[in-house]
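Shown next, in structure tokens, is the structure this report addresses.
Please treat every number below as a calculation from the coordinates, not as lab data. If you're wondering where the values come from, they're calculated on a predicted model, not measured in any experiment. Neighbour counts are summed over all protein chains in view; Cβ atoms, including those assigned to glycine, are modelled from backbone coordinates with ideal geometry.
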Amino acid sequence: MEYTVFLDRDGVINKDSSEYIKSPSEFEFIPNSAQAIALLTKKGFHVIVITNQSLIGRKMVTMETLDCIFKKMIEGVKKQGGHINDIFFCPHTPTDDCSCRKPKPGLINDAQKKYQIALDRSCMVGDSAKDIECALTAGCKTTVLVKTGNGIKAEQALSKKGIAPDYIASDLYEAALWIIRNVNL
């Protein structure tokens, strides 16, 4: 797989909620995020969503419902001319101590194995410190923090740890423009 852009879902693609996104009707795109994915797709980037979804482990929704939420996201991106190559998600709660829950790199590692992704030619876009830490631990070349979702808190948390993302964008659309300008395919 050529250059891959990993995207967190909640707070990056769609509006996040402290109550979780429990149905397709609660899934609402952040303005221009579907267009951003379409832009990346048209420029030749592969897009893979990497997301913690502990509402499965918390038994708040079924896998069928989560699949319907993912389908709504995929269809919304498709309507804008974009494509999501795959979705990797962690269904576990924070107390499960699994290897796939961000900030651990399990989801990116699974995607890398499935698609033979050159992580030194990949980028992670997220709105949390966990997203950036996951990408760095996995070996992603580039990290972009977006200020939508938890991005402002994440910027402070990363700064305290001495971690700086390669770029801080106001939203996914600005992140996509930066990636297109600064990454050689």
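Tabulated data
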| read-out | value |
| --- | --- |
| Peptides ranked, highest mean first, by Cβ atoms within 10 Å: ranges 127-136, 97-106 | 127-136, 97-106 |
| Neighbourhood net charge (10 Å Cβ-Cβ; Lys/Arg +1, Asp/Glu -1) for residue 50 | -2 |
| Subset of 15/161; 22/160; 71/141; 78/161; 15/160; 22/141 violating a 31 Å alpha-carbon distance limit | 22/160; 78/161; 22/141 |
| Cα gyration tensor shape for the stretch 1-68, rounded if a/c is under 1.5, else prolate or oblate | prolate |
| Contact order relative to length of the chain, as percent, for alpha carbon pairs under 8 angstrom and 6 or more apart | 26 percent |
| Viscosity 1.567 mPa s, 4 °C: Kirkwood-radius Stokes-Einstein D of the chain over Cα pairs, µm²/s | 80 µm²/s |
| Residue-by-residue Karplus 3J(HN,Hα) for the stretch 47-52, coefficients 6.51, -1.76, 1.60, Hz, glycine and proline x | 10, 10, 8, 10, 9, 7 |
| Residues of type aspartates and glutamates that residue 102 reaches as a straight line, Cα spacing below 16 Å, ignoring anything fewer than 8 places off in the same chain | 8, 10, 110, 127, 131, 133 |
| Ordering of 163-172, 55-64 by burial proxy (mean other Cβ atoms within 10 Å per residue, highest first) | 163-172, 55-64 |
| The chain - mean residue ellipticity at 222 nm from DSSP helices (-39,500 (n - 2.57) per run, n ≥ 4, rounded to 500) | -11000 deg cm²/dmol |
| At R0 = 30 Å, FRET efficiency that the Cβ-Cβ distance of residue 17 and residue 141 yields, to 0.05 | 0.45 |
